[in-house]
Amino acid sequence: MPTPTITVKNLFKKYETVEAVKGISFDVYEKEIFGLLGPNGAGKTTTIGILTTRVRATSGDAIVAGANVRTEDVAVRRRIGVVPQRPNPDRGLNVIENLLFHGAYFGLSRGLAEQRATALLDQFDITDKAYAKVDDLSGGQQQRLMIARALLHEPNVIFLDEPTVGLDPQARHALWDLLRQLHADGRTIVMTTHYMEEADELCDRLAIID
């Protein structure tokens with residue numbers, strides 16, 4: 001078997017009297033789409049929060065792209081891209097400014113950030129929106145921007161938390177095509193969903209959380 005890109009061992013997260021994550025363990029391998037499938041409230045978003053260092057686990061361990069989420073959180077953040085459940089761009093900036101700001105955060109030169117941003121906007125078919133305000137984008141276009149932002153610093157792993165929630169069927173299927181394209185390009189993707197058909201369409205393997 002290949003070496004896992006992500007290893008999760010006996011992960012727990014407790015908020016006072018509520019156990020949000022209760023002893024989950026799994027591996028994710030390089031270049032696969034791995035799904036966390038389950039109903040709302042099952043702990044999928046909390047699990048993603050722990051793996052992306054936004055939430056601290058109560059106990060257990062997780063290694064992401066060779067770094068420990070507890071002790072090497074800065075290294076983890078540099079090696080991952082995150083697409084949140086709800087798009088959260090800076091609405092005071094236009095589309096390409098959002099990407100350039102993200103590049104600056106990760107220490108990219110202005111020239112390199114512009115080069116990558118231009119390429120990603122072209123790849124995701126939103127070049128004509130480069131100088132548009134975020135509020136002028138459709139829901140599907142905003143989600144494409146979020147994926148472009150997550151990829152700008154060329155991370156090892158991409159996390160997507162219920163990426164198609166709130167999208168109409170046409171935008172949803174367009175996003176599926178985009179994720180298939182990223183998969184074909186060799187990206188390692190972890191995604192949560194509560195849509196069984198979405199997991200069936202996209203994932204190589206999945207874990208069911210209930």
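The values are calculated or read from the model by the stated rules, or taken from the named source; none is laboratory data. Everything numeric here is computed off the predicted structure, so don't read it as measured data. When we count neighbours, we look across all protein chains shown, and the Cβ atoms used for this are built from the backbone with ideal geometry, even at glycine. Heavy atoms of the whole protein, side chains included, go into the accessibility calculation; ligands, DNA and RNA do not. Shrake-Rupley method; radii C 1.70, N 1.55, O 1.52, S 1.80 Å.
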Cα long-axis angle, helix 110-123 against the chain (0 to 90 degrees, to the nearest 10):
80
Calc'd 3J(HN,Hα), the range 86-100, phi into Karplus 6.51 cos²θ - 1.76 cosθ + 1.60 (θ = phi - 60°), Hz, glycine/Pro = x, comes to 10, x, 10, x, 6, 6, x, 10, 7, 4, 5, 5, 4, 5, 5
Relative contact order [Cα under 8 Å, 6+ residues apart], the chain, whole percent
30
Assuming R0 = 41 Å, can you tell me the calculated FRET efficiency for the pair residue 74 and residue 131, based on Cβ-Cβ distance, to the nearest 0.05?
0.80
Charges only on Cβ, +1 for Lys and Arg, -1 for Asp and Glu: so what's the dipole of the chain about the Cα centre, in debye to the nearest 20?
720
Amide proton proximity set for residue 30, modelled H, under 5 Å, gap of 5+:
5
What shape does the range 1-93 have by the C-alpha gyration tensor, where a ≥ b ≥ c are the square roots of the eigenvalues, rounded means a/c under 1.5, and otherwise prolate means a/b greater than b/c and oblate the rest?
rounded
Anisotropy class of the range 23-66 from Cα gyration tensor, a/c 1.5 cut:
oblate
Shape verdict for the range 120-171, please, from the Cα gyration tensor: rounded (a/c under 1.5), prolate (a/b greater than b/c) or oblate.
oblate
Using amide H atoms built 1.01 Å from N in the peptide plane, name the residues 5+ places from residue 209, or on other chains, whose amide H lies under 5 Å from its own.
37, 38
Whole-Hz Karplus couplings 3J(HN,Hα) for the range 62-76, θ = phi - 60° and coefficients 6.51, -1.76, 1.60, Gly and Pro as x, run 8, 10, 10, 6, x, 10, 7, 5, 7, 9, 9, 5, 5, 4, 4
Qualifying chymotrypsin sites (Phe, Trp or Tyr not before Pro) in the range 65-163, DSSP loop, other Cβ atoms within 10 Å at most 14:
106, 131
Electrostatic dipole magnitude of the range 132-206 [Cβ: Lys, Arg +1; Asp, Glu -1; Cα centre; debye, to 20]
240
Calculate, for the range 62-210, the solvent-accessible area per residue in square angstrom, rolling a 1.4 angstrom probe over the heavy atoms of the protein chains.
48
Can you figure out the FRET efficiency of residue 200 with residue 14, using R₀ = 41 Å and their beta-carbon distance, to the nearest 0.05?
0.80
Option label - Rg/Rh (Cα atoms, Kirkwood Rh) computed here, alternatives [x] 0.93; [y] 1.02; [z] 0.96:
[z]
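Run through the DSSP bridge list for the chain and note the antiparallel percent, rounded to the nearest 5.
Restricted to the chain, the bridges split so that about 50 percent are antiparallel.
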Give me the angle, in degrees from 0 to 90, between the Cα long axis of helix 169-184 and the longest principal axis of the Cα atoms of the chain, rounded to the nearest 10.
80
Going by alpha carbons, how many degrees (0 to 90, nearest 10) lie between the helix axis of 139-151 and the longest principal axis of the chain?
80
If you look for lysine pairs in the chain that are eight or more places apart or on different chains, how many of them have Cα atoms under 13 Å apart?
5
Of every hundred units of 1.4 Å-probe accessible area on the range 67-206, the number belonging to carbon and sulfur atoms, as a percent, is 46
Relative contact order of the range 2-68 (C-alpha contacts under 8 Å, at least 6 apart) in percent is 42
The range 123-201: relative contact order in percent, alpha carbon pairs under 8 Å with at least 6 residues between
33
Of 207, 53, 26, whose Cα points farthest to the positive end of the dipole of the chain (charges on the beta-carbon: +1 Lys, Arg; -1 Asp, Glu; origin at the Cα centre)?
53
About the Cα centre, and with charges only on the beta carbon of Lys, Arg (+1) and Asp, Glu (-1), how big is the dipole of the range 1-57? Nearest 20 debye, please.
180
